[in-house]
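Comments concern the structure below.
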There are 2 protein chains.
Amino acid sequence: MTYIPPIADQKFLLDHIVKLDQLNGHQGFAGTSPDLVDAILAGVGELAAGVFAPLNRTGDQIGAKWSPEGVTMPPGFREGYRAYVEGGWGTLAAPQEFGGQGLPLSLATVVMEDLGSANMGFSLVAMLSAGAVEALPEHGSAELNALWLPKIVSGEWPATMNLTEPQAGSDVGALKTRAVRQADGSYRIKGQKIFITYGDHDLAENIVHLVLARTPDAPEGTKGISLFLVPKFRLGADGAPAESNDVRPASIEHKMGIHASPTCVMAYGDNDDCVGWIVGEENGGMRGMFTMMNNARLNVGLQGVSIAERATQAAVAYASERIQGTRAGAASRDPVRIIEHADVRRMLLRMKALTQAARALAYYAAGQTDRASRGDGAAKARIDLLTPLVKAYGTDVGEEVASLGVQVHGGMGYIEETGAAQHYRDVRISRIYEGTNGIQAADLVGRKIGLEGGHTLASLFADIRRDSAGEAVLRDLVDACEAIASRLQSASADDRMAASYPFLTMLSVATCGWLMLLQRRVAEGDEGDPNFLAMKRAAAAFYLEQIVHEAMGLQAAAAAPADILYSVNEEMFAT
Amino acid sequence: MTYIPPIADQKFLLDHIVKLDQLNGHQGFAGTSPDLVDAILAGVGELAAGVFAPLNRTGDQIGAKWSPEGVTMPPGFREGYRAYVEGGWGTLAAPQEFGGQGLPLSLATVVMEDLGSANMGFSLVAMLSAGAVEALPEHGSAELNALWLPKIVSGEWPATMNLTEPQAGSDVGALKTRAVRQADGSYRIKGQKIFITYGDHDLAENIVHLVLARTPDAPEGTKGISLFLVPKFRLGADGAPAESNDVRPASIEHKMGIHASPTCVMAYGDNDDCVGWIVGEENGGMRGMFTMMNNARLNVGLQGVSIAERATQAAVAYASERIQGTRAGAASRDPVRIIEHADVRRMLLRMKALTQAARALAYYAAGQTDRASRGDGAAKARIDLLTPLVKAYGTDVGEEVASLGVQVHGGMGYIEETGAAQHYRDVRISRIYEGTNGIQAADLVGRKIGLEGGHTLASLFADIRRDSAGEAVLRDLVDACEAIASRLQSASADDRMAASYPFLTMLSVATCGWLMLLQRRVAEGDEGDPNFLAMKRAAAAFYLEQIVHEAMGLQAAAAAPADILYSVNEEMFAT
């Protein structure tokens, strides 16, 4: 049940995939010495392992509790959150003018990964604020940002994202919450939101909601959506939370997992006294929302990595202790630890390979985001292309690895006390929220493969090909992806959507295969812990020899037109 | 949340895959008219939908409760169980001399499927008794069977299987429970068992435990295991339960799912007053256990089908109602039901195809079991070969389909009220109990592919090839399976085990592809409901064109030697 931060792999990725040395102190990033990077990795690891991880089971068993007075967090969470705020862990990548440290997002990625591994339900409070910290500087007015951002950055006033309504889930344009402009430039907000993560809690003295709503004469659909900052408490003259703002959690959901995370139904303006301030222009709310959403999508993909890491650690530990059965074909009839059995090792190595590959993709994306934020157009295009892959493939990996983790534990994996079951239940939401993985696949084939007239995708293929001489299967997979993408660009919308998910998986595996190959080459040197390097080589080999090959099996699905799907109707499905 | 028994597909399989007409009234089976078969399908469907299904959520939310006095089942379960017993649903395939109806197991398979779909946690009480009803007539003495079997067959005294102990899970030979012979021929039993499904409950006036134990001078390992019948209450002179038999549930487990099913730690003979009667010979207990286990493995594979069916029904219903988003590329901007979106249809059709394929495999296996039980040696060999496939592939499908079911529901899938999450949690145990799926894979490559010097497997390949002219991908998959099997037969134990799981999946898909192909040919005719036939053709086409192709992607894994797994050690895994 303990958690050990995977510092060696994180450091390896920061050095060789993110290439942090290119970022530190350049392009307006604050400077960091290698010592400072090490201190950050060690420090957040300590917070995660020492404070967040011990609260993981409490969070699951007790969970967040709702009452008419609001949401109460499980015991220990207030103290845990205070440690997070006091350590300044939310400030790393925030702008220095708002109290942030101005460091690359790649470093903040380590923070989110560790906290997510330690306690996914708890870490969401930090994740949501990170989205606001990206969106407000870009879209909010100077006055608004001066008033609110420093407290969001510090973590004293955590932020939330309010998009979903009962009729508006994946289709956010269907939302109905109203915002009416007042004489003083503020707005009155009225409406109901659902699935609001950390919509209410008792961790902090204020909560800053970022709420999508429509002004009375707004056009239909996404073109008529505006973004508002709506606090739980309005501020007094001294800048401290004072008056209640007519915002109320109406209930919380009873979910399969992440019980610590209060998923709220939020009621805004029941008494017509809910004030909000606009972020950006009227009807321009989608831009701010996309900033938040893209940040959140990368962080949700990272949650898949977080749980995969934790589940793998637990499985390795269990398999190294549990004694059961003799090894097939061995001379000795003495029972062995189950890590000695080939099929258990296959599961463990698969877990390692998938986790390392998904982490490499997420960290690579963070590095590209850092470059994009400093004006690198090619990096911007690439991160736009990769965002759906990070989110969908990262969380698909999270579920598969958590399931393997249960399996390695055998019967004990199904018993809640072990913790393997909680990882499996917790991670399942990650394939759904922040745009289901199907939505990610639609985004990939509907918009991303055509970016820059197809150049963005072609340049990714070119990079992979350049580095993969002699890797026949990886090259085959890239060829297959290119052929499918070329067909999809001129295919009907139905055919594109029918192929979207298998194609997303193929392209993700090709990209991860490339990143694992690059790492294997580094690991063939002898710089670093020999055990770590040996595992890196084995994980890369397993990924390239087996998982890349598996993805080739998806070719038929990615090449199949939609005909077969529409050959059956609802009545036939019901037989 | 409703459940509709899939009678059309069940009937189709009984007719065209089981070929029930060859069994009814022949070879010692009781005769059934088509009307009687229809009545059985309708009757058990009514019990499942009307009585078991409404208790599914109660079972999950309230669950079985332990106290020092024993286990209390959730409200409604006593009445539900009474309906099952009074309907005689446990008696179908039992021998007529013990109060059974002497019908083919293939018909009892429908009963187990429906009850498992309706309420998996509840259906286990029936499943466990079925194992005893197979084992006792074959291995128990006439006297013992006369006394106990009729009440087990009727369901009045449900049976359990007691194998596992803390140190003896997959390695059953390590068990320590003791049995000491008394002057009257009975035995005193003493020991502790864990993970005992329905080890205690308040559904019936007695419980009949079948317990593996060792006599004092027994040899080590599985060769020294004997099987005992150990009731909860000993019988009085009138044959009714009288005296307590010093059997006690010490606790129950807190599990991820199947909360209705009490998973007990059982204490036998704490007061040295636990009496058991031997089933078969001393040290011959493994034979009886294998009979029970093989039956249970087929039924657990069927649980995967049960939950896949239920999850698919729920997803189809939700997707047919939930309105969200416009259809990509459509002229109309009106939002549509999500079943109109291509990627949602892909998920639904995949669910249908996997469910129908796994059902076909399970029913085919039941038909072969019926033939084997009447002396058909080829059928016996084939069912031995297929048992690990039914168990492992059936439950792998169960998990995948239940996960897709959650996904189709989007955010609602993660909320417990929908029911999709319960299916996902419930079905997860099926890949673990009755021999983990890894154990099934080891059984396949360790024992089953070599049956009859390889002839059993060769004859399956020959059957598939005979029927698959023109099906290039299926033939490729059979060729690939044959090549791998041939290599594995002479490979080292490590290499065999390393390849076992991917090979099991490939062989399962090849077999299912064959059964789907046979069904597609029938469905190309026009006999039956046109909607059902259209879905059958689409499901078969999807399976043959996409899923069979996917399995080809496992070739590299199934061909890889174990070297890579043993290139890393425990210390490396921990980095």
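The values are calculated or read from the model by the stated rules, or taken from the named source; none is laboratory data. Everything numeric here is computed off the predicted structure, so don't read it as measured data. Note that each Cβ is placed from the backbone with ideal geometry, even for glycine, and that neighbours are counted across all protein chains shown. The area values use the complete protein model at the heavy-atom level, side chains included, leaving out ligands, DNA and RNA. Shrake-Rupley method; radii C 1.70, N 1.55, O 1.52, S 1.80 Å.
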### Query
Which angle from 0 to 90°, rounded to the nearest 10, does the C-alpha axis of helix A:142-154 make with the longest principal axis of chain A?
50
## Note on the structure
Everything considered on the Cα gyration tensor (a ≥ b ≥ c; rounded for a/c under 1.5, else prolate if a/b is larger than b/c, else oblate), segment B:141-194 must be described as oblate
### Task
Could you state how much accessible area A:HIS16 has, in square angstrom rounded to the nearest 10, with a 1.4 Å probe and all protein chains kept in place?
70
### Message
How would segment B:221-302 be classified by its alpha-carbon gyration tensor: rounded, prolate or oblate, with rounded meaning a/c under 1.5 and the a/b versus b/c comparison settling the rest?
### Response
oblate
### Summary
For chain A, the percent of accessible surface on carbon and sulfur atoms (probe 1.4 angstrom, ligands and nucleic acids excluded) is 52
### Query
Which value, in debye to the nearest 20, describes the size of the charge dipole of the protein assembly as shown about its Cα centre when Lys and Arg Cβ atoms bear +1, Asp and Glu Cβ atoms bear -1, and nothing else is charged?
840
#### Entry: Mean projected area (nm²) of the alpha-carbon convex hull when segment A:159-284 is viewed from all directions
8.1
### Message
Sequence gap at least 6, Cα distance under 8 Å: using those rules, report the relative contact order of chain A to the nearest whole percent.
### Response
13
### Message
Accessible area per residue for segment A:358-400 in Å², computed with a 1.4 Å probe and the full protein assembly in place, what is it?
### Response
21
### Value of relative contact order over segment A:7-154, rounded to a whole percent, pairs C-alpha under 8 Å and six or more apart
25
### Message
Name the chain A residue nearest the rotation axis between A and B, going by Cβ position, and give the distance in whole Å.
### Response
A:GLY553, 1
### Task
Using DSSP to define loop residues, name the GluC sites (Glu not before Pro) in segment A:205-271 whose beta-carbon has at most 13 other beta-carbon atoms within 10 Å.
A:GLU205, A:GLU220
### Query
Which residues of segment A:521-541 bury at least 50 Å² of accessible area once all protein chains are present, versus their chain alone (1.4 Å probe)?
A:ASN531, A:MET535
### Query
What is the percent of Cα-Cα separations in segment A:9-133 that go past 20 Å?
46
### Task
Assign unit charges at the C-beta atoms only (+1 for Lys and Arg, -1 for Asp and Glu), then state the dipole size of segment B:7-154 relative to its Cα centre in Debye, rounded to the nearest 20.
360
#### Entry: Residue (of B:TRP89, B:LEU515, B:MET112) at the positive-pole extreme of the protein assembly as shown, dipole from beta-carbon charges
B:LEU515
### Task
Give me the accessible area buried between chains B and A, both sides summed, with a 1.4 Å probe, in Å² rounded to the nearest 100.
8000
### Query
Put a dot 7 Å past each Cα toward the Cβ at A:ASP563 and B:ARG333; how far apart are the dots in nm?
3.3
### Query
Give me the log10 of I(q) over I(0) for segment B:360-428 at q = 0.17, 0.18, 0.23 Å⁻¹, as the Debye formula computes it from C-alpha points; what are the numbers?
-0.65, -0.68, -0.85
### Query
What accessible area, in Å² to the nearest ten, does a 1.4 Å probe give for B:ILE152?
0
### Fully extended contour minus Cα-Cα distance, from B:LEU147 to B:LEU36, at 0.36 nm per residue
36.9 nm
### Links that overshoot a 28 Å alpha carbon limit, given the list A:LYS255/B:LYS232; B:LYS223/B:LYS448; B:LYS190/B:LYS223; A:LYS176/A:LYS380; A:LYS352/B:LYS223
A:LYS255/B:LYS232; A:LYS176/A:LYS380; A:LYS352/B:LYS223
#### Entry: Per DSSP, loop trypsin sites (Lys or Arg not before Pro) in segment B:1-105 with at most 12 further Cβ within 10 Å
none
### Task
Taking every pair of alpha-carbon atoms in the protein assembly as shown, give the share separated by more than 48 Å as a whole percent.
29
### For q = 0.12, 0.17 Å⁻¹, Debye-computed log10 I/I(0) when each Cα of segment A:402-498 counts as one equal scatterer
-0.64, -0.86
#### Entry: Area accessible to solvent at A:SER490, 1.4 Å probe radius, in Å²
100
## Note on the structure
Bounding extents of segment B:436-575 in its principal axis frame from Cα atoms, largest first in Å, are 61, 39, 26
### Task
Compute the Rg to Rh ratio over segment A:328-398 from the alpha carbon atoms, using the Kirkwood formula for Rh, and round to two decimal places.
1.33
#### Entry: Where the Cα pairs of segment A:476-549 fall when distances are cut into 10 Å bins, in %
19, 37, 23, 14, 6, 0
### Task
Report, in debye and to the nearest 20, how large the dipole of segment A:159-284 comes out about its Cα centre when Lys and Arg carry +1 and Asp and Glu carry -1 on their Cβ.
280
### Query
So what's chain B giving for Cα Rg divided by 2.2 N^0.38 Å, two decimals?
0.97
### Query
Hey, how many Å between the Cα centroid of segment B:312-352 and the Cα centroid of segment A:512-556?
38
#### Entry: Extreme residue, positive dipole direction of chain B, given options B:GLN192, B:THR160, B:PHE122 (C-beta unit charges)
B:PHE122
### Query
Any idea what angle helix B:377-408 forms with the longest principal axis of chain B, computed on alpha-carbon atoms, 0 to 90 degrees, nearest 10?
70
### Summary
Cα extents of segment B:398-450 along the principal axes, largest first, in whole Å, come to 47, 17, 9
### Message
For chain A, take the longest principal axis of its alpha carbons; what is the angle in degrees between that and the long axis of helix A:120-139, to the nearest 10 within 0 to 90?
### Response
60
